[in-house]
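Report on the following structure.
The values are calculated or read from the model by the stated rules, or taken from the named source; none is laboratory data. Because the structure is predicted, anything quoted here is derived from the model rather than measured. Heads up, the Cβs are rebuilt from the backbone with ideal geometry, glycines too, and the neighbour counts pull from every protein chain shown.
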Amino acid sequence: MLTNVKHNRAGFIAFLCLGASVVSGCGASKAPAAEDGNWRSSMSKVQIAIRGADDDPAMIANRSNFEAYLEDVLDLPVIIIEPADYNGSIQALASNQVDAAYMGGGSYANVDAQIGDLAAPILVRRQAEGNDGYYSALMVKTDSPFQSIDDLKGKTIGFVDFNSTSGYLYPRMMMRRMGIDPDTYFGQTAFSGGHTQAVMALDRGQFDAVLVNVAGGTPETGFTTGAHFTMAGRGLVDIKDFRIIWSVGEIPNSPIVIRTDRPQEFIDTFRGAYALMPYDRPDLMLELGGPTGSDYSAVDREVYEDVIALRLADIAERRGLAPEVTSAPTSTENR
């Protein structure tokens, strides 16, 4: 059991170091060591920022179980902070208010621009099929006349957030590569504030189409997970009321990002708590929204270099500089 690992620390850290070099691994980080040899003496608590507004409220409530799990492993109080928007998590991590954050790739790209290697992605959720990515989808109501992105010229579109990868960065860049200027092509654009909010806004007729994240499949096979699936499972919407007409990806899954100026033993223990949770506490993994059979795999900054480049390119585009981006996502129209 993982909860016994803290009593066998040497073996635990040895386990973590296997393959950890891709995440600034064991002994390679700039993280400081506590002067008295006890990393807990330099940390009175552990604070984690998690973007909460996109999630099923039932999952948010279950985070108290996750806090207890981490407290048992880390031997420190754990506080999960749920900022109201993407920027809240970004600034909490960048300004050293939290020790770690679960955030989208676009949000990590923002943090990277602010503090560089003081923050590092360490883990990402991997589906049972082995893939660790997801897609951005342009979704409309099933009874609408829109069959492709071509039909949405002059219509109202809901993006998610400026720092959202699937709800802003990826789809906007692909639109530009299709010859569509997302700032002028649509009649009106606005931010919904989150993927759940986007689904609700579309359901209520506030937009003609919205961007949402989807996974558990491909554009060819169809998808099985996403905000609208979660909401339908809770009886808030009917899944049959929505239709995807365009998608872009595959996008690297949202990473767990940690401050690298924390004690290395804390980083290793924190990473291990996540990495072993699917096997030690599969019930908790399910409570947190992880599909059956999913686990965590190691990642580093290199995995998100395309997302970082997309963010810089989008900023430059909006400033009229239009830099070249060498790597491109792919898109699929569902006609």
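Looking at (1) within 23 Å of the chain's Cα centre (by Cα); (2) farther than 24 Å from residue 311 by Cα, which is the only condition residue 203 fails?
(1)
Please specify each residue of the range 274-293 satisfying the condition of being surrounded by fewer than 16 Cβ atoms within 10 Å (Cβ to Cβ), in a helix (DSSP H, G or I) and at pLDDT below 85.
286 - this is the single residue of the range 274-293 that is surrounded by fewer than 16 Cβ atoms within 10 Å (Cβ to Cβ), in a helix (DSSP H, G or I) and at pLDDT below 85.
Does residue 117 satisfy the condition of being out of contact with any helix residue (DSSP H, G or I) (no Cβ under 7 Å at 6 or more places or on another chain), farther than 30 Å from residue 151 by Cα and part of a helix (DSSP H, G or I)?
Details: out of contact with any helix residue (DSSP H, G or I) (no Cβ under 7 Å at 6 or more places or on another chain): yes; farther than 30 Å from residue 151 by Cα: yes; part of a helix (DSSP H, G or I): yes.
Spelling it out, residue 117 is indeed out of contact with any helix residue (DSSP H, G or I) (no Cβ under 7 Å at 6 or more places or on another chain), farther than 30 Å from residue 151 by Cα and part of a helix (DSSP H, G or I).
From the list 126, 177, which residue is in contact with a Ser or Thr (Cβ under 7 Å, 6 or more places away or on another chain), basic (Lys, Arg) and surrounded by fewer than 23 Cβ atoms within 10 Å (Cβ to Cβ)? Don't jump to the end; show me each part of the working.
Numbers: 177 fails: in contact with a Ser or Thr (Cβ under 7 Å, 6 or more places away or on another chain).
Going through 126, 177 in turn, the sole match is 126.
Of the residues 262, 271, only one is of a type in the set (Lys, Arg), surrounded by 16 or more Cβ atoms within 10 Å (Cβ to Cβ) and in a helix (DSSP H, G or I); which?
Values: 262 fails: in a helix (DSSP H, G or I).
That would be 271, the only listed residue that is of a type in the set (Lys, Arg), surrounded by 16 or more Cβ atoms within 10 Å (Cβ to Cβ) and in a helix (DSSP H, G or I).
Could you say which residue among 256, 245 is assigned to a strand (DSSP E or B), farther than 18 Å from residue 159 by Cα and either of a type in the set (Val, Ile, Thr) or not assigned by TED's automatic domain parsing to the domain that holds residue 99 (or both)?
On the way: 245 fails: farther than 18 Å from residue 159 by Cα.
After ruling out the rest, the residue left standing is 256.
So, in the range 120-147, exactly how many residues are touching a Leu at 6+ places or on another chain (Cβ under 9 Å) and assigned to a loop (DSSP other than H, G, I, E, B)?
Of the residues in that region, 1 qualify.
Out of (1) surrounded by 18 or more Cβ atoms within 10 Å (Cβ to Cβ); (2) closer than 26 Å to residue 85 by Cα; (3) without any contact (Cβ under 8 Å) to a residue 60 or more places away in the chain, the odd one out for residue 185 is which?
Checking residue 185 against (1) surrounded by 18 or more Cβ atoms within 10 Å (Cβ to Cβ); (2) closer than 26 Å to residue 85 by Cα; (3) without any contact (Cβ under 8 Å) to a residue 60 or more places away in the chain, the one that fails is (2).
Exactly one of (1) at negative phi; (2) at pLDDT 90 or above is unmet by residue 154. Its number?
Every listed condition holds for residue 154 apart from (1).
On the given criteria, is residue 242 over 30 Å from residue 41 (Cα atoms) and touching a Lys or Arg at 6+ places or on another chain (Cβ under 9 Å)?
On the way: over 30 Å from residue 41 (Cα atoms): yes; touching a Lys or Arg at 6+ places or on another chain (Cβ under 9 Å): yes.
Criteria met by residue 242.
Can you give me the number of residues within the range 202-228 that are out of contact with any helix residue (DSSP H, G or I) (no Cβ under 6 Å at 6 or more places or on another chain) and either assigned to a strand (DSSP E or B) or surrounded by fewer than 18 Cβ atoms within 10 Å (Cβ to Cβ) (or both)?
Looking only at the range 202-228, we keep the residues that are out of contact with any helix residue (DSSP H, G or I) (no Cβ under 6 Å at 6 or more places or on another chain), and these are 202-206, 208, 214-226.
Imposing the further condition that a residue be either assigned to a strand (DSSP E or B) or surrounded by fewer than 18 Cβ atoms within 10 Å (Cβ to Cβ) (or both) reduces the set to 204-206, 214-215, 217-218, 220-222, 224-226.
Adding up the residues that qualify gives 13.
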